[in-house]
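Single-structure report; data block below.
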2 protein chains.
Amino acid sequence: MAAQRGEGDGVVTRPGETGTEAPADVRERARAIPEAAVARLAVYLRVLSGMVEQGVTTISSEELAGAAGVNSAKLRKDLSYIGSYGTRGVGYDVEVLVSHIERILGLTRKHSVAVVGIGNLGHALANYGGFPSRGFPVAALFDIDPDLTGVPVGGIPVDHIDDITTVCAEREVSIGVIATPPQAAQAVCDRLVSAGVQCILNFAPVVLQVPDYVEVRKVDLAVEMQILSFHVARRADEAAGDVVNGIGVDGVVIRP
Amino acid sequence: MAAQRGEGDGVVTRPGETGTEAPADVRERARAIPEAAVARLAVYLRVLSGMVEQGVTTISSEELAGAAGVNSAKLRKDLSYIGSYGTRGVGYDVEVLVSHIERILGLTRKHSVAVVGIGNLGHALANYGGFPSRGFPVAALFDIDPDLTGVPVGGIPVDHIDDITTVCAEREVSIGVIATPPQAAQAVCDRLVSAGVQCILNFAPVVLQVPDYVEVRKVDLAVEMQILSFHVARRADEAAGDVVNGIGVDGVVIRP
DNA sequence: TCTTGTGAACACGTTCACAGCT
DNA sequence: AGCTGTGAACGTGTTCACAAGA
């Protein structure tokens, strides 16, 4: 797909030119990891980091799965995509796992981030501590309001939106975060792309149109709320229906 | 799964007791809609709302699919889950579609929202305009800081976190939004659940443990960034690999 | 003729269950 | 004896391709 992806849908997937040989292990492996597994690996990584701090050195698939909210078979399969780093009969060495997941997720490099749109959300993002801590330094901030240019937010001076292309190229931004109003989002996106940014995290409630080689992920509050709304409604309908048929919500017969 | 879900992964899925008959059309239908389709329906709804404002009255699957960033077969299948409201040879009536999608997503009811954790993000959420506009009135705000209690944010006075249970029950909150630091999230979640909240949107970077009947969706910035990081890395590896084999990124032979 | 709606084929992701190691 | 790693079975979601209908 040449477009977005929200909670678990598809992602930009370039066809798939295989054509490598010998020491292609890591590359080949990375290519084969299912998208859904990548998202979970990030979760495992966080849980494992917590374990390290608690001094845990070894963990079984069952324990880690429980803490990550998945079943253990899935966890083991996910880990098998990145290699076999467990010990049968024992479990996984926590630090070893952490370092392998970090490697696969590309967290050994620094990925400079640019945030565009310094409103409520942009401020929150610029000040978000967990951002730089894990190798995602905020390298640039942009806004369309000339009064903001030069003003430092979270320690970084805001640049004008017209300078996106040059500043991003200069500072080697690899991830662009769009936190603008929806009307501005596509134009901002186009500028980011022409600055060479290939990964975009979009908070604006619009479907961005991008070239195939650009990866967009979206965080869409309205969509999330509406999905929850759907479940509230379904639940209510179910309850109503079940009672109509004389069966209570939990299977108890109310009117047999 | 009895846990979270982020960008496109699984969602709490209670087993599936079928057992209804006659006028069960809507209910039965709702139950059958794939989770992934629900997320897209919300996107179609937004696109269609824009169309209404532009005065568009009819739209083909091809056009709508383009605007929503999906392919037209998928769009038609998604719409078919909610019924057959198109006209062959012509397309869909925009207003008809809007009202059917709204009905299916449960947007005809009001869903009161409580936001817990009035920090940077909580402020942004409380002030977010698109929230109440579409049937999600913010009915309560909570924070642990006693200095904040009583202070109005976005027009609503903040209550203390200890009052979650009573206040949420009183105001019939159906969706809880957790915007606290990670350490506080599970405790807040437990209180929301005991107040009867069955749908939770979690911004805290932790895996919440909840009973099966509670639906949790999570928005996890760190995970999103790491997924993008993975793609940056994969891309770099690919490029390296391709060049090693004498093939450039776009298939051009550099060293045949 | 044009576009929808959908069965059938396919691809992807999950779960099961057990062989293989420690 | 215990836990990992994984082939095979299963289920869900996507895409194809065309019949049905305006």
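The values are calculated or read from the model by the stated rules, or taken from the named source; none is laboratory data. Worth saying up front: this structure is predicted, and the values here are computed from it rather than measured. Ideal geometry is used to build each Cβ from the backbone, glycine not excepted, and the neighbour counts take in all protein chains shown. Keep in mind that these areas ignore ligands, DNA and RNA; they rest on the heavy atoms of the full protein, side chains included. Shrake-Rupley method; radii C 1.70, N 1.55, O 1.52, S 1.80 Å.
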### Query
Using a label point 7 angstrom from Cα along Cα-to-C-beta, what distances in nm, from shortest up, separate B:Pro182 from the other copies?
3.3
### Summary
On the accessible surface of segment B:33-104, probed at 1.4 Å with all protein chains in place, carbon and sulfur together account for a percent value of 51
### Residue mean of other protein chain beta carbons inside 10 Å, A:102-114
4
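Can you give the relative contact order of segment A:77-157 as a percent, counting alpha carbon pairs under 8 Å and 6+ residues apart? Provide the component values of the computation, followed by the final result.
On the way: 73 pairs, mean separation 19.9, N = 81.
In percent, rounded to a whole number, it is 25.
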## Note on the structure
Averaged over the residues of B:135-142, the number of partner chain Cβ atoms within 10 Å of each residue's own Cβ comes to 1
### Task
Taking a probe of 1.4 Å and counting only protein heavy atoms, give the total accessible area buried between chains A and B in Å², rounded to the nearest 100.
7500
### Message
Taking the full set of protein chains and a 1.4 angstrom probe, give the accessible area of A:Ile144 in square angstrom, rounded to the nearest 10.
### Response
110
### Query
Where both residues lie in segment B:112-219, what percent of DSSP beta bridges are antiparallel, nearest 5?
10
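Per residue of B:155-166, what is the mean number of Cβ atoms on other protein chains within 10 angstrom of that residue's Cβ?
Details: counts 0, 0, 0, 0, 0, 0, 0, 0, 0, 0, 0, 0.
Going residue by residue through B:155-166 and averaging, the value is 0.
What size of dipole, in debye to the nearest 20, comes out for segment B:50-150 about its Cα centre when the only charges are +1 on Lys and Arg C-beta atoms and -1 on Asp and Glu C-beta atoms?
Details: 8 positive and 10 negative charges, 97 e Å.
Charge dipole of segment B:50-150: 460 debye, to the nearest 20.
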## Note on the structure
Filtering trypsin sites (Lys or Arg not before Pro) in segment B:149-223 by DSSP loop and by at most 16 other Cβ atoms within 10 Å leaves B:Arg171
#### Entry: Carbon plus sulfur fraction of accessible area for segment A:112-219, probe 1.4 Å, in percent
55
### Query
Cα centroid distance between segment A:168-244 and segment B:140-199, in Å?
26
### Message
I'd like to compare B:111-124, B:60-73: which one has the highest average count of other Cβ atoms within 10 Å, and what's the full order after that?
### Response
B:111-124, B:60-73
#### Entry: For B:Val90, label point 7 Å along C-beta direction: distances to other copies, nm
7.1
### Task
Report, by chain and number, residues whose modeled amide H sits under 5 Å from the one on A:Ser112, excluding near sequence neighbours (fewer than 5 apart, same chain).
A:Ser174, A:Ile175
## Note on the structure
Sorted shortest first, the nm distances from the A:Asn71 label point (7 Å along Cα→Cβ) to its counterparts in the other copies are 3.0
### Query
Does any residue of segment B:203-226 lose at least 40 Å² of accessible area with all protein chains in place compared with its chain alone, and if so which ones (probe 1.4 Å)?
B:Pro205, B:Val207, B:Glu215, B:Arg217, B:Val219, B:Leu221, B:Val223, B:Glu224, B:Met225, B:Gln226
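Could you do me a favour and compute the accessible area per residue for segment A:112-219, 1.4 Å probe, result in Å²? Walk me through the numbers on the way to the answer.
Details: 4070 Å² over 108 residues.
Using a 1.4 Å probe on heavy atoms only, each residue of segment A:112-219 averages 38 Å².
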